[in-house]
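Asks: Here it is: the structure, laid out below.
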């Protein structure tokens with residue numbers, strides 16, 4: 001126990017694997033951003049639908065609030081509280097969860113899971129490997145990027 005492994009990895013294989021991972025991370029981020037955009041659109045649509053449903057059904061008003069006595073010029077602002085059964089309306093859209101956010105560990109053991117950090121690390125590793133004349137990569141070099149593979 002306590003003995004590290006010593007493996008030589010082909011530079012070309014590692015470059016291919018890192019490039020594939022970089023493309024995957026970028027694709028996942030693009031997909032996530034599209035889902036966020038669609039969620040925002042769906043959320044507005046859902047809110048508008050609920051407002052229309054409420055206006056067509058005044059009997060659903062449960063409360064009228066005039067608190068804290070808001071007014072605009074010569075008009076009072078009233079807030080109407082509608083209570084609608086969820087069965088009468090479509091399901092609310094679900095917000096997508098980010099794939100790359102935050103990190104773990106402390107100090108030297110901190111591993112970022114932020115999209116920009118991952119892309120920067122992968123890009124830097126690819127650039128360095130492309131400049132290398134060696135056919136194989138040392139275990140230490142491989143260890144620094146293996147968490148992404």
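Asks: Would you mention how many residues in segment 1-42 are surrounded by fewer than 11 Cβ atoms within 10 Å (Cβ to Cβ) and modelled with pLDDT under 90?
Replies: Result for segment 1-42: 6.
Asks: Can you find a residue in segment 113-130 that is in contact with a strand residue (DSSP E or B) (Cβ under 6 Å, 6 or more places away or on another chain), modelled with pLDDT under 85 and within 30 Å of residue 20 (Cβ to Cβ)? Write out each step before concluding.
Replies: Taking segment 113-130 first, the residues in contact with a strand residue (DSSP E or B) (Cβ under 6 Å, 6 or more places away or on another chain) are 113.
Then drop every residue that is not modelled with pLDDT under 85, which leaves 113.
Subset that is within 30 Å of residue 20 (Cβ to Cβ): 113.
The answer is yes; a qualifying residue exists.
Asks: For the condition in a helix (DSSP H, G or I) and within 21 Å of residue 121 (Cβ to Cβ), what is the one hit in 51, 21, 43? Can you show your working first?
Replies: On the way: 51 fails: within 21 Å of residue 121 (Cβ to Cβ); 43 fails: within 21 Å of residue 121 (Cβ to Cβ).
Of the residues listed, the single one that is in a helix (DSSP H, G or I) and within 21 Å of residue 121 (Cβ to Cβ) is 21.
Asks: A further question on this structure: State whether one or more residues within segment 35-57 are in contact with a strand residue (DSSP E or B) (Cβ under 7 Å, 6 or more places away or on another chain) and farther than 30 Å from residue 113 by Cα. Steps first, answer last, please.
Replies: Of all residues in segment 35-57, those in contact with a strand residue (DSSP E or B) (Cβ under 7 Å, 6 or more places away or on another chain) come to 54.
Filter once more, keeping what is farther than 30 Å from residue 113 by Cα: 54.
Yes; the residues of segment 35-57 include at least one that is in contact with a strand residue (DSSP E or B) (Cβ under 7 Å, 6 or more places away or on another chain) and farther than 30 Å from residue 113 by Cα.
Asks: If you don't mind, another one. Starting from segment 66-94, keep only residues that are at negative phi and in a loop (DSSP other than H, G, I, E, B), then list their pairs with residues that are at pLDDT below 80 and loosely packed, with under 10 Cβ neighbours inside 10 Å whose Cβ atoms are within a distance under 8 Å, requiring at least 6 positions of separation or different chains.
Replies: Pairs found: 66/76; 70/76; 77/71.
The values are calculated or read from the model by the stated rules, or taken from the named source; none is laboratory data. Predicted model, so just to flag it, every value in this text is computed and none were measured. Ideal geometry is used to build each Cβ from the backbone, glycine not excepted, and the neighbour counts take in all protein chains shown.
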